[in-house]
1. According to the square roots a ≥ b ≥ c of the eigenvalues of the Cα gyration tensor, what is the shape class of the range C:7-101, taking rounded for a/c under 1.5, prolate for a/b larger than b/c otherwise, and oblate for the remainder?
2. Sum up the charges of everything whose Cβ sits under 14 Å from the Cβ of A:M75, counting Lys and Arg as +1 and Asp and Glu as -1, but leave A:M75 out.
3. Can you put E:M105, A:M50 in order of Cβ neighbours within 10 angstrom, beginning with the fewest?
4. Based on other C-beta atoms within 10 Å, arrange E:I133, D:I33 from fewest to most.
5. Give, as a single signed number, the net charge of other residues whose beta carbon lies under 12 Å from the beta carbon of A:L98, with Lys and Arg counted +1 and Asp and Glu -1.
6. Report, in degrees rounded to the nearest 10, the 0 to 90 angle that the Cα long axis of helix F:28-39 makes with the longest principal axis of chain F.
7. Would you calculate a helix-derived [θ] at 222 nm for the protein assembly as shown, using -39,500 (n - 2.57) for each DSSP H run of n ≥ 4 and dividing by the full residue count, to the nearest 500?
8. Which loop-located GluC sites (Glu not before Pro) does chain C contain, where loop means any DSSP state but H, G, I, E or B and the Cβ has at most 10 other Cβ atoms within 10 Å?
Amino acid sequence: MKFGIVVNEGPYTHQAADTAYKFTKAVLEKGHDVHRVFFYHDGVNVGTRMSVPPQDDRHIQRNWSELAEKYDLDMVICIAAAQRRGIMDENEAKRQGLDGDNIAPGFRISGLGQLIEAGVQSDRLVTFGD
Amino acid sequence: MKFGIVVNEGPYTHQAADTAYKFTKAVLEKGHDVHRVFFYHDGVNVGTRMSVPPQDDRHIQRNWSELAEKYDLDMVICIAAAQRRGIMDENEAKRQGLDGDNIAPGFRISGLGQLIEAGVQSDRLVTFGD
Amino acid sequence: MSILHTISKSPFQNQSLSSCVAHASSGDAILMIEDAVYGAVSGTAAAAQLAEGENISIYALGPDLSARGLGEAKLAEGINIVDYDGFVELAVEYDKTQSWL
Amino acid sequence: MSILHTISKSPFQNQSLSSCVAHASSGDAILMIEDAVYGAVSGTAAAAQLAEGENISIYALGPDLSARGLGEAKLAEGINIVDYDGFVELAVEYDKTQSWL
Amino acid sequence: MNDMPEDGGGVVKKFLYVNRKAPYGTIYAQESLEVVLIGAAFEQDVSLAFLDDGVFQLVKGQNTDDIGVKNFSPTYRALGDFEVTKLFVEKESLAERGLTEDDLMEIMYEDEDDDWEEKPSITFVNKSELAAIMADQDVILSF
Amino acid sequence: MNDMPEDGGGVVKKFLYVNRKAPYGTIYAQESLEVVLIGAAFEQDVSLAFLDDGVFQLVKGQNTDDIGVKNFSPTYRALGDFEVTKLFVEKESLAERGLTEDDLMEIMYEDEDDDWEEKPSITFVNKSELAAIMADQDVILSF
């Protein structure tokens, strides 16, 4: 079965990004497909590579990046939500005249259409948020 | 009278950062002092210079940076909260081996002691959050 | 020592207003800001709760009322409207501020 | 078509559980995750609300119960405990998922 | 070009956007509306539900000048132009909040199947009717 | 060195940390505790209040292994070592949540003014007693 996953909250503040990770991992380990993970609202903040949590805490961004690499996950950050909140890839940073970017490996920035398309293409769409 | 201001939520998602800005501006325009504005929890995300909101929307980070410049405000971002969430100044970025930083003008990163000290030194401590 | 209590969340979604009213003391004030201003609409359970507080002054932030389309005609009796300047004056007037997050 | 409803917020702080129960149809399931698992504690108003749903299966996420120190002895009757695998199975079993945010 | 429909050709699903939060205090209402507008290009069967604090999104006379936040409420009245014409508002949620149907904006669309006659987009439903609408969907997006 | 007390020398204020949120679902409980620990170095008169969902922070037997989030609950038991010894827990909040005093962790401190006798840090209070404690403070920090 094909899943779409939506993550609406940022890392650490709400448990949503953790639960979504555990759920997505379980989906994949059970042999299902994940069509896309879409990060919206504060969820875009999961995709910053500048996060440095304490050594004895989980590294939420890295967990997601590693899952994406292992399963070739499509992880999309909403461009409109990301611009408001300051998450940038190289292209966007250049376009906005910024001196650097902060997106983490395995994430890509794209439009809201990718969320709708995930709803159309997936057998199940599951949202995690606050 | 001397005020301390605490901002606990990030930009755009919750109105708290907007209300705190309007309140702080009113405090200053009425001739009171602001000992410090302390950004904690997701509030640290207010201090990213990578935020690029739509043209017809307010620029929350820039509003704060301009207020700080005009009134010589002390705006402190909590270091522990900032590390988790990926807000870095030049020093911290270097220390963590990152290739760049994202802190906005007028903000500085420091410890939680600055929050307590604001409580001790201010006549009124006002918190904005969710 | 008197407290200015602030609430920012809708009382129809969240218990903060209810808890705030239950812990406010005589001589305190309650100021509704952001989504909490919906608690000022007359005829609602929230407005009734606010009216129960004895010797507690009730305020709502005008800019937040306007943003949400709540004109004075919709408001319960006894609710005082202030702007950001008035918010600052309340924070000065009361000995300390407590935010019901 | 059947719905798996998920709730993540404490029913003592937020109205989502109450609204979810009121909109669930016969044959649906409700899964409490994160802070919503406090709604599974026996003797509370939340547990009573959940018990009112007719022909609605009630689940709670075990890992979230353990994190919060809620052993099975504390739970109301009729609540089924699942882990993340079980969550996935529920999402497969029901036609669609609705998150009460 | 990121936001153009892709791959979905032919598939038409019933999409329900569930709006349960008040505007301005949080951004969810506004960012939900952004999804609805983009989603309109996908030619799916779209409905919007407003319940709990979500009914506040449709209150008329919103003026955000003094809070400095963008007033996005006029966009609801433009939904008809995007062929988003099914807005369901829960009666019990209105009543509990001291609101009547007259407190809401008038939202109209032109019905192309009925000689472009102007018709109201909002249908007022009770709780059990809304539950049935939810049950009838393929995809539910919650905000 | 950022977190060392500065300038405050001599001033002792009554600080109340108000905890109203459950642990893990959001980070507020954990980051509140981080403030309390840092604040202990400032030698202020510190109290902690636990009411509403905040009482869940003190429930014993928390085990976060399976959610992958750090279990910070043992830190409450170490508060005595930081001379944070006044924890007020609201009885009505416990009862409403189906909890009794026995469901909470035992938190003790050694009283240096009483021959280092071990004493409980938690005092159970009712709503009106807690309201009086709030009224008595100089600074209230809410989480």
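1. Values: a/c = 1.44, a/b = 1.12, b/c = 1.29.
Note, shape of the range C:7-101 comes out rounded.
2. +1
3. Taking fewest neighbouring Cβ atoms as first place, the list is E:M105, A:M50.
4. Numbers: E:I133 19, D:I33 28.
Ordered by Cβ neighbours within 10 Å, fewest first: E:I133, D:I33.
5. After counting each charged neighbour, the total is -3.
6. Helix F:28-39 sits roughly 20 degrees off the main axis of chain F.
7. After summing the helix terms and dividing by residue count, I get -8000 deg cm²/dmol.
8. Taking chain C and a limit of 10 other Cβ atoms within 10 Å, the loop GluC sites (Glu not before Pro) found are C:E54, C:E77.
Any read-out appearing in this document is the output of simple, stated calculations on the displayed coordinates, not a laboratory observation. Everything numeric in this text was worked out from a predicted model, so none of it was measured. Virtual Cβ from ideal backbone geometry, glycine too; neighbours counted across all protein chains shown.
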